Structure formats: C-alpha cells, structure tokens
1. Suppose we take every Cα in the range 482-523 and form the convex hull; what volume per residue is that in Å³?
2. How big is the C-alpha Rg of the range 361-406 next to the rule-of-thumb value 2.2 N^0.38 Å, as a ratio?
3. Rounding to the nearest 10 and keeping the result within 0 to 90°, find how far the Cα-based axis of helix 505-515 lies from the longest principal axis of the chain.
4. Which of the pairs 101/379; 28/118; 383/513; 514/598 have their Cα atoms more than 32 Å apart in this structure?
5. Helix 546-572 sits at what angle to the longest principal axis of the chain, using alpha carbons and giving 0 to 90 degrees rounded to 10?
6. Can you give me the angle between helix 344-369 and the longest principal axis of the chain, using Cα atoms only, in degrees from 0 to 90, rounded to the nearest 10?
7. Compute the Rg/Rh shape ratio of the range 430-568: radius of gyration over Kirkwood radius, all on alpha-carbon atoms.
8. Counting each DSSP H run of 4 or more residues in the chain as -39500 (n - 2.57), what helix-only mean residue ellipticity at 222 nm follows after dividing by all residues, to the nearest 500 deg cm²/dmol?
Amino acid sequence: MVQLSTIDYILIITFFTITLFIGVFVSKKSGKSSAEYFLSGRSMPWWLLGLSMVATTFSTDTPNLVTDIVRTNGVSGNWVWWAFLITGLLTVFVYARLWRKSQVKTDIEFYELRYGGKPATFLRSFRAVYLGVIFNVLAMAGVTLAAIKIGGIMLGLAPWETVVYAGVITVVFSALGGFRGVVYTDFILFFTAMVGAIGAAYYLVGLPEVGGLEALLQHEEVRSKMAILPDFNNTEIVISLLVIPLAVQWWSSWYPGAEPGGGGYIAQRMLAAKNENHAIGATFFFNILHYALRPWPWILVALASLVVFPDLASIQQAFPNVAQDKLGHDLAYSAMLTKLPSGLLGLVLASLVAAYMSTISTHLNWGSSYVVNDFYKEKINTKASEKELVLVGRVSTVVLMVLSALFALVLQNALQLFDIILMFGAGTGLIFILRWFWWRINAWSEISAMFVSGLVSILIAFTGLGDMLFGVDGAFPAWAKFPFVVAVTTLVWVLVTYLTPAEDAAVLRAFYKKIQPGGPGWEKVVRLALEDNETITDKNIKGWSVPSGILAMLVSCLLIYAIMFATGYFIYGNHAIALLLLGVASVAGIVLIRLWRKIKTRIL
C-alpha cells in the first residue's frame, strides 16, 4: 500500500470537485428533456465528441487488460483489439453519415426504422434490456473490477470500499449531468488520463531496478515479448493472435465501442453531433487518438513490470493481502504504480479516477438511454412526460451502477471478461454491417443471430462441450473456438433470413427514402418502387459513396497502423524502420485527403 502525501490528496480532491461541479452546473439544462439528457440537443462539435469517445475507452480496465495481454502473449497479443481499428474506420467512412441521417435517439430505435411489425417491436425492447442492462453491466463490471484491483494494491482498500467510494461519486455526477455533463467532463478526463499514463511510463521505465529504456529492452524477460508481429514460425500463435482478429473478429463480433457498423455509445455520440460531417470527424478523430496515440505508455509499463514482477508469485509476495481470486497478470499495472513518487502518484491516481469516471458515466448514460427510450417509453408508459423520462433515466442510472458493482465483486480478471463478451457477440457483426445495404435482412435475422450466438457461447464457455471440441484433447485446436461460434451463428441467421418473409415493402421504401444507403443490395426495392410510380431515390445524390469509403478505410488503416508502429520502433531504437513507416503514413495521408474530397462530393 502506498502512502499519499498532502499534494496527492489535493490533486485527487481537486479533480473530484471539478467533476462534480460540472455535473451540478449542467444538471438544469440536461434535465429539460430526454433529448437533452441523452443527446445534448444534437449540438455537439466533432472535436469534443471525439475526445469524449477516447476518454470513454480510456478506462481503468484498459491498461490492466493491455498489461495482462503483454505479460501473457507479448506486445503482438494486442492485435486482439488493434484489429478493431478496421471496424472503427468503416464506421467513419461508411456508417457515421448513415447514423446521423437516421435521426433516431438511440441506435436501438433503429430497429423500428429498418424493420416492421411485432418482430421489430420485440427486437427493440429485448435488445434494450439485453445490451442496455446485461451487456452494459458486464462491461461496467470489468471497469469496476480494475478499480477494485487498483484500490486494493495501491490504497489497501477492500473491494467493497472501492466500489462504494468510486461508485457513489460517479453515479451522482452521471445522474445529475446527463450526456452533456459526461461530454464536458470527458474533455478534462482525457488530458488528465493521458498525462498520467505518459508520466507513469516515463518514471517507471527509469526505476533503478528497470535501469532505463535501453536496459529494459535488453532484459531477458522483455526481449521475448517485444515483437509487434507474432512469431510466424508458430502457426497456432499466428492464427490466434493475428489471422483470426484481422480475418474474422473485426467484422463478426459485437464489442462495446467497436461495434461493426457503429453502435452503442459510439452511435450515441454520432447522433449527438451537429451534422453528418461532425459525426464523421468525431469518429475519425477518435480512431486516430485511440490507436495511434495511446497504446505505448501502457505497453512500456507492462514490459517494465516483467522486470520488477516477472511472475504471479512475485506479485503475490509483494502484495500478500490481495485475495487469491483477484490475483492475475493484470495486477502488475497497479503494482508498478505503487512505486511512483508523491505528486506524480496523486496525478496518476487522479488520472485513473478520471478514466474510471469517464467510462462508467458514459455506460450509465448510454444504458439508461436504452432503458428509457426503448423500453420504458415503449412498453411501460407511452404517454410519459419529458420530466418523467428524465427521472426514470436518473433512477435507472443508479440501478445499473449497483448491478455492475455487485457483479464486479465476483470477477477475477479483465482478459476473462473480454473473452466472454467477444464470444457472446460472435457472428452477429456481419448483420450490423449488411442491414444498411441489403434489403433482404429482416428482424428475424437479428433475433436468430442474437440467440444462437449467446446459446452456443454459453455451451462452449460454461459446459463440458468446450473441452470436448477445442484444445489439447478436443477435436479442434483451441484457436477454432471463436470461428466456430461465428460460423454456426452466420449459417443460422442466413438460413432464417431466406426462410422468413421479407420486410413489408412500405417499411423498406420508407427506410431507403430517409437514409439513401444506395448500392446493389437495394436495386430490387428501388426498381419495384419505380414500377409503382414511387421515386425513393434522391436525385441530388451523385452515385454511391461506399466503394470510395471502403478504400478510404483501407488507406486510413495503413496511415494509423504506420503511425502506431513507427512510434513503437522509435521506442525500440529501430529508427530506419520507424522513418520508413512515417513515409508510408505521409503517402497514405495524401491519398486519404484526395479520397475524402471524392466522398464529400459523392462522385463515386
């Protein structure tokens, strides 16, 4: 346990005071209506929304997760989340514009815009509870688990103490300020968290037992973990760490903040933007900061932890009071932070508090928006006043916080939860990508995918079926588990799509007329509408922007990956490779500017 100095306490208390002040300050305006409470009246600029997205994903569990990955699978293990860059950039150049044009209050409301009848109504209500409560509680529990471990290692707090202290302040601020309070404080939270992460990395790499950057990179425990790409001589490692994330995972799996086709709190921010261009700018800004800027401070601390705490036994020896069920490699990040000096320790603790509050407040507001807009208003009281909806939003915020805190107390590590969420969403992602551009997908497609993915994941993860099918004694290698769930889910929902009736023509035509998705997937709908003397295509639109959008996505991937890996190679001292990658990034940037001009004018 570390001893906080007066300056540490001042920094932490000042941060809490500023955050709560913002929540109280904006509470009156946020409470005017549900649109204000959940979307800030759709008036937010791109840069503020982009920073808010980054701050939200800058959660307490993220450095713990990265540390767990690096210590277990090396730096290359991060491809399990680096692959989601493709998802994010597809959202930027294809889906951000579509979401903003939809004008829905939540991405769940989309179901009754795209589909019709009782299946659409059921899907909207069920997904509101499924995602807004169940999945949301899982995600928040992971963040709270990280806070529990940080509180236990650094401050000697019991799990319940961390939950109460961190949770009460966060839930009060979130319930009062609504979405506007979340976004405004995220601006402060981002810079606090970033300075704290960089400051911690700089100091910890310079510890006497680490010996500085050069000594760190030459250390026997570190050298085997440094590679950005996995060892291509190990086929199983390459498939599990690189091939599956890049070839399957990014488009097939639903994960909070990286949903194929956009969704969740990313969609919430796009819907809150001033216009389509601000929605696109916000998501692109987010992806640059999220992938190109942030990973390396966490990675450096994770590598340094291998020197100071080479195994779990060394962590347990240093922190004997940590409960056995909470012991894991993700603890190494918190363990390293205990070595920080006064002042920097307070700043880093404030940054971790900032990361926690930013993520939890976003999830609370986002989940509450589902409960209010897509469940309570639709199923409980269709005539509810705006004042009542805001009240329900505030109450549901508190309930979600309590549920996630209770679940966090039984979890063990961040990577465990990451894998569970990935599995439960496996196979559903392709629907979220195609439903905008293929008229034949219906509500039953999504319902079947959701249930099959969940059922197969439960059978594999929590019964003996997983051991029978996968692993050393199974019929298939361990890496085949995720593709298996994807394959089964995809096969089922495609069959269901063709075995069930298509959506009503009036629903499809209304959707097309509002969104103007374009493309060959809607040609039949457009043609039949013309035969009925109904024009649903906007004559002012010059061609289909998706092909150039996909090309822009690929170029942007090259740009951001090049910047991220150039940073890594500069740190490693491989300056020639780093400069080459910067050259690649420069060329990609020039090409991207030209492509963006074409996308804006919709020539292609």
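1. So the per-residue Cα hull volume is 104 Å³.
2. The reported ratio for this selection is 1.11.
3. 60 degrees
4. Checking Cα-Cα distances, 28/118 exceed 32 Å.
5. Roughly 0 degrees between the two axes.
6. 20 degrees
7. Here the Rg-to-Rh quotient is 1.12.
8. -21500 deg cm²/dmol
Coordinate-derived values only; no laboratory data. What you see is a predicted model, and the numbers here were worked out from it, not measured in a lab. Here the Cβ is made from the backbone with ideal geometry for all residues, glycine too, and neighbour counts use every protein chain on show.
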